[in-house]
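Take a look at the structure set out below.
The values are calculated or read from the model by the stated rules, or taken from the named source; none is laboratory data. Just so you know, these numbers come straight off a predicted model, no measurement behind them. Heads up, the Cβs are rebuilt from the backbone with ideal geometry, glycines too, and the neighbour counts pull from every protein chain shown. What goes into the accessible areas is simple: the full protein's heavy atoms, side chains included, and nothing from ligands, DNA or RNA. Shrake-Rupley method; radii C 1.70, N 1.55, O 1.52, S 1.80 Å.
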Amino acid sequence: MNTMHATTATTATTATTATTTTTAHQSRSRSGLLLFMVVSFATSWAAWGLAMGLDGSATEPPAIVPYVLGAFGPLIGALVVRVRRRRRGEPVPEHVVRFRPATLLWAPFLLVLASASVVGAAFLGHALGGPGVDLSEADGLFEKAGGAAPFFVSMLVTGPLSEEAGWRGTAYPRMRASMGRFTVGLVLGVIWSVWHLPLFFIDGTVQNKLGIDTLSGLLFAASVIPMAMLTGYAYERAGVAAAIAVHFAANTTMVLLGVEEPVTQGAIMGVQALLALALLATQRTRTPYADPAARPLAHAEA
């Protein structure tokens, strides 16, 4: 009887300890997530608010400086969270995806897949009555940027590099502590869409050209959700590098094709939503740290 009682007590203590540890992890995740959101939104919206108050286009001085700075809000938020976490000696979130050699294979594949989803949807949109697929504007974009290389660098820096360490590398694993992949994609997509709202009021931006009170503007805002799901899948598969690749490919392809018509926007949104749902549905559950000897604090991305 004494042995049985001792075993029961030990089991109860273990269960209590596990519950306490889980609660502590969830509390830290929520705290880090809130800090990230506050810093990201405050930084971006303050910078973009300044850009609104300056004369001229967001692509030219002086407005270009706060406009570009605003894009780095999520990266700044991620850095703040990580600095605080390391100072406190806290472990990284459970669902962080560490960089692995497989990333070198998955990132290019997902980049091509994301670009192909836009091109394929553009052809579908044309078949449904939208404009044809046309790259005639590409030369003008390259010339305005100072060449093809500066154009692609700018597309990589202002968006993928300035955002993904935050949205996917920091917010995503903390939200996954209490949500499934589909739910995180949906919720984070809505948050990501709201974050973009000030851009509709800054002259010279793609969003301002579309207009917040138009069908094209509404479709742009809604299209951020399937993009969040696609980049979320990429992150689950191969980390921040893969999320950057997907974000870069989708953005750049849409800009080069000059996607503005609602029919084409709707087609891209639909194709990407179906693709994201299919990819997430067929992905197996991943064990966050397969190697128990690994030290997450030293190697993780979040």
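Summary table below
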{"item": "Residue-normalised accessible area of the chain, expressed per residue, 1.4 Å probe, Å²", "result": "49 Å²"}
{"item": "Alpha carbon centroid spacing (whole Å) that separates segment 64-126 from segment 206-278", "result": "14 Å"}
{"item": "At q = 0.22 Å⁻¹, base-10 log of I(q)/I(0) for segment 124-176 (Debye sum, equal scatterers on each alpha carbon)", "result": "-0.80"}
{"item": "Accessible heavy-atom area order of LEU199, LEU141, highest first, probe of 1.4 Å", "result": "LEU141, LEU199"}
{"item": "Potential lengthening between GLU60 and ALA281 on full extension [0.36 nm per residue; Cα-Cα distance subtracted]", "result": "75.2 nm"}
{"item": "Compactness of the chain, expressed as Rg and Dmax over alpha-carbon positions, Å", "result": "21.6, 84"}
{"item": "Scattering profile of segment 66-135 at q = 0.16, 0.22 Å⁻¹ [log10 I(q)/I(0), Debye over alpha-carbon scatterers]", "result": "-0.89, -0.98"}
{"item": "Pair-distance profile P(r), taking every C-alpha pair of segment 151-192, with 10 angstrom steps and integer %", "result": "28, 45, 22, 6"}
{"item": "At R0 = 45 Å, FRET efficiency that the Cβ-Cβ distance of GLU143 and ALA42 yields, to 0.05", "result": "0.80"}
{"item": "Whole-number percent relative contact order across the chain, with pairs defined as alpha carbons under 8 Å at least 6 apart", "result": "28 percent"}
